[in-house]
Every structure is written in structure tokens, then in C-alpha cells.
1. Could you list, in sequence order, all residues of the range 265-306 that are of a type outside the set (A, V, I, L, M, F, W, C) and modelled with pLDDT under 75?
2. Exactly one of these conditions fails for Val163: (1) under 16 Å from Asn65 (Cα atoms); (2) modelled with pLDDT of 85 or more. Give me its number.
3. If I ask for residues that are open to solvent by 10 Å² or more (accessible area, probe 1.4 Å), of a type in the set (S, T, N, Q) and within 20 Å of Gly70 (Cα to Cα), which ones from the range 378-427 would you list?
4. Where residues in the range 307-358 are surrounded by fewer than 19 Cβ atoms within 10 Å (Cβ to Cβ) and in contact with a Pro (Cβ under 9 Å, 6 or more places away or on another chain), which of them is modelled with the highest pLDDT?
5. Any idea how many residues of the range 195-219 are of a type in the set (Ser, Thr, Tyr), open to solvent by 40 Å² or more (accessible area, probe 1.4 Å) and modelled with pLDDT under 85?
6. What are the pairs, 6+ residues apart or on separate chains, where a residue within the range 443-469 that is more than 24 Å from Gly306 (Cβ to Cβ) and without any contact (Cβ under 8 Å) to a residue 40 or more places away in the chain has its Cβ under 9 Å from a residue that is open to solvent by 20 Å² or more (accessible area, probe 1.4 Å) and of a type in the set (D, E, K, R)?
7. For the range 220-235, give me each residue that is more than 30 Å from Asn201 (Cβ to Cβ) and either open to solvent by 20 Å² or more (accessible area, probe 1.4 Å) or β-branched (Val, Ile, Thr) (or both).
8. Out of (1) more than 30 Å from Ser181 (Cβ to Cβ); (2) of a type outside the set (A, V, I, L, M); (3) surrounded by 13 or more Cβ atoms within 10 Å (Cβ to Cβ); (4) at pLDDT 85 or above, what's the single condition that is false for Asn6?
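The values are calculated or read from the model by the stated rules, or taken from the named source; none is laboratory data. None of these values were measured; they are calculated from a predicted model. When we count neighbours, we look across all protein chains shown, and the Cβ atoms used for this are built from the backbone with ideal geometry, even at glycine. The protein model used for the area step is the full one, side chains on, heavy atoms only, and it has no ligands, DNA or RNA in it. Shrake-Rupley method; radii C 1.70, N 1.55, O 1.52, S 1.80 Å.
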Amino acid sequence: MMFQENGNGEMGLSGIPLGTKNKYKRMSSQVPDDNDVALHQQQLEDKRNSTRKYVIACAIFASLNNVLLGYDVGVMSGAVIFIKEDLKITEVQVEFLIGILSIVSLLGSLGGGRTSDIIGRKWTMALAAVIFQIGGITMTFAPSYQVLMIGRLLAGIGIGFGVMISPIYIAEISPNLTRGSLTAFPEIFINVGIMLGYVSNYAFSGLSVHISWRVMLAVGVLPSVFIGFALFIIPESPRWLVMQNRIEEARSVLLKTNEDEKEVEERLAEIQQAAGFANSGKYENKPVWRELLFPPPALRWMLITGLGIQCFQQISGIDATVYYSPEIFQATGIEDKKKLLAATVAVGISKTVFILVAIVLIDKVGRKPLLVTSTIGMTVCLFCMGATLSFFEKGPLVIGLGILFVCGNVAFFSIGLGPVCWVLTSEIFPLRVRAQASALGAVANRVCSGIVAMSFLSVSGKITFAGMFFLFSAISSLAIVFVFTIVPETKGKSLEQIEMMFQNEHQSQVKEMELGDIEQLVQNKTGLTN
């Protein structure tokens, strides 16, 4: 019998080489070759990495509009010092200039919900960037307060569109297990924008009064330019495509954003079922706005949750703390403009760094634990800031404690109430009303922000800065109660499963009430019999 030598010098009895270089397998063998297994695992890992990078890229590009809001919040806190001196405006005009952006942005948010249902999520983001660019350029070259206000109105509308649509888009393209952290990207970019605004204030504060604030505002136009490039990279939302009956395009997007093809088909089926259910006779073809005005019980709970958390995010005073941080630090004893702006940079860094903590934890520990930690921490910091301003005289101690408690407040905000608010609002609403219900949430957010921003200086003039911080602390303590009693946990669930969770919870409550009524009736009858 002839034997054939293999690569290791060993021979098989059948004349077929043995060892690692053997190219042959028994046809009946059920054990796959180790090389094939390793190759398959490597291919899966490559696909997983490719998918993850693609989804992250989409989330980043979709979040660029939020840099605009953050930059405006940060830069106006310092730029208004120079605007006030250059254009000779009053303190009331300063409040109006700062607060009007939040009020006007609600028009963008209201229009953004309907617009995104018509032209799509992707092109709504593009429209937001264009409107903001026009407003930003108008503000940069404004020769007077009136023209500056026109630019501010346009910028506010653009920001309203962008802030409303980004979390929805990201939630609709993200895999279930990473949706929380990805949907928090817009909040990261708001914080990045705030920090860049503070840095811009510090960097350009040495220019002349007439030029400095214009350069500060001009820099804010740059992020919106990159959104034009993003349109060639990011896809349309698969859920919007299904609503338009473009099923194959939706499948193509899901294949790019999900690792498992089986999961893609399951997700597509869920979306089609949700879209078909939304368009069925269950809703009796009612317009979305009427359904939002007169919601069924499950949707009413969703609206209370979504709008409530958006309001608490702002009425606890975060925008006032950021917008007026120079004035707050001035109240602690810092007088030099350069030092004031340097202190605000510390606020921006704290706000940005701690948002990264939320990104890491939101899909691991869940939404609710982060909200509880955040609201408790904010309440403590706000109360301590009020106590510091009340019981100590201006000086190094008050300056140090003031910076500590303001930075602590924004840090706790960033690990919970800041990002989780937008994540929840983008998750909890049914597909049929998601865009417009989320727009209502954004409107509630912007209205509350505007009211607080436009009244902070006036009210603090009546009750002092310490009184304002005690007031914000009381509101933040109410937010703790709201989170404990109203907000559900949505970690790890698909958007369609979250909708069913609200439906099932309502049905279980109804059954419990009915069961309680029956038990009461039985007890009454028993009492009568006895």
C-alpha cells in the first residue's frame, strides 16, 4: 500500500495527508473545520464592527444640528457682555435677546414634526441647517439690535427643527441594545457646543467690543456647513420609509444598521405591523393633532411622561445656570471679565465630561436609575448653592464653593436629566404620532427654557440669586417624585415593544380596577347577607 506524506511528515492510512494542511474532510463529518469556524467568526466580527461604525457615524452626523443649540447657549453667555456695551441695550433687552431663541424655536419644533412626516427625517435636518445658517449670518453682520433680533428669530426656528428631529432619527435607525447611548448623542453635541461657545468667548474676548461678539457668533455657523456633507452619508429612517410603503429601501437601511439578518426581518415585520396598525381602522382615520389633543389612555400616559420630563429638564434651571453663569460667578465675587469667562469654561468642561458617563451607563443600568441619581444630585447642588450665597460674604471661599456647586449641578444634569429626557421622548411614542408628539415635547422644553431664561435676571433682582437657587432646588425635588412615580424603564426594548408596554400597563390597571370593583361588590353583598 502506498502512503502519501503530509506537510508535517505524517501519513494517513488511506493515503490522505493528516494534520493542519489537510484539504479534505469526511463527507459525513458534522464537525466543521477549525479554519472555517475561525473565518466565519472573523467575518461576523468584521460585520459587527462595520455596522457599529456606520450607525455611530449616522448618529454623529444627525447630531451636528445640536452643536448649534449648545454653541448658542454657551457663546451668548459671554457675547451678551460685549453686545450690551456695543449696542447700548438694557437689561430687559438682554433677557429678551437670550430668551427669545427658546420661545421661537418652538415654531421650528412644531413645524418639524409635520415636516419630517412629509419630506422625511433626513431632509428635515438639512432644512434646519439652512435656516440656522441664514440666521447666524444675519446676527454676525447685524448693525442694530433690531436686525440682531431678526437673525436670532431665524436661528431659533432652525434650532427648533434640529433639536426635535435628531433624537427621533437616531432612535429609529439604532439597534435596540445601543439605542439609549446613541440617542444621547444629540445631548453630547449640545454639551460640546456649550463648551466651544465658552472657549470662543474666552478666545475672542481680547478683540474690540464691536468685533468680538460678531466673531463669536460667526464661528457658530461652521457646524451647519458639515451637515451638507452628512446628507451623502446618512440614510433615511427605515420607519419613515415603511410609512411611505418603501419596504425594500427600509430593509436595505436595516441591513446596514443591524448585525443579524434574522433580526432585520423580525424588526422589519414589527415596523410594518406597527405602521399597518397605526393606519388601520383602530384610529378611525383621525388626524394626528386631534389624537394628541384627545388621547386614548395609553397615549395620555405617554404624553404625561414625555412632556413632563421635558418641562422638568428646563424649569429646574439648567439653561439659566448656563446662560447667566458669568452673572452668577460675579455674585460670588469674581469681577474681572477674563476670569469670569475662564470660570464658565470649567462649567462647559464639567457638562461635557459627565455626559460621557451617561453614554456608558444608559444601556447598562437603564434610564430610570440615571434619572433618579441626576435629579437627587441636582437638588443637593442647587440647595447648597443657594445656601452658599445666603450665608457667606463674597470672597475666595464663596468663589470656590460657587464654582464647585454650579459645576456639580451641570455634571449631575449631564449624567441623567439632560440626555435621558431626549432618549425617552424619542422612544415612547407610537410610530403614527412619534414625530409630532416628540415635537410637542420639544415645544414644552423650549417654552420652559424661554420662560426661565427671559425671567431669571428680573426675578433674581427681586428674590436674589440665592432665592432663585432655592426655587430651582424645590422644583428639582418635585422632579425626583415625578421620575419615581411616572417614568417607566425602556432599556433593551424595541420601539414597538415599548408601545405595547404602555398599552399592556394600561390594560392591567383597568383589570385591577375592575377586579377591585368586583371584590367590593362581593363584600357588600356578603355584608348585606349577614
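1. Gly276, Asn279, Ser280, Gly281, Lys282, Tyr283, Glu284, Asn285, Lys286, Pro287
2. (2)
3. Correct list: empty.
4. It comes out as Gly333.
5. Adding up the residues that qualify gives 1.
6. So the pair list comes out as Ser460/Glu327; Gly461/Glu91.
7. Leu231, Phe232, Ile233, Ile234 - these are the residues of the range 220-235 that are more than 30 Å from Asn201 (Cβ to Cβ) and either open to solvent by 20 Å² or more (accessible area, probe 1.4 Å) or β-branched (Val, Ile, Thr) (or both).
8. Evaluating Asn6 over (1) more than 30 Å from Ser181 (Cβ to Cβ); (2) of a type outside the set (A, V, I, L, M); (3) surrounded by 13 or more Cβ atoms within 10 Å (Cβ to Cβ); (4) at pLDDT 85 or above leaves (4) as the failure.
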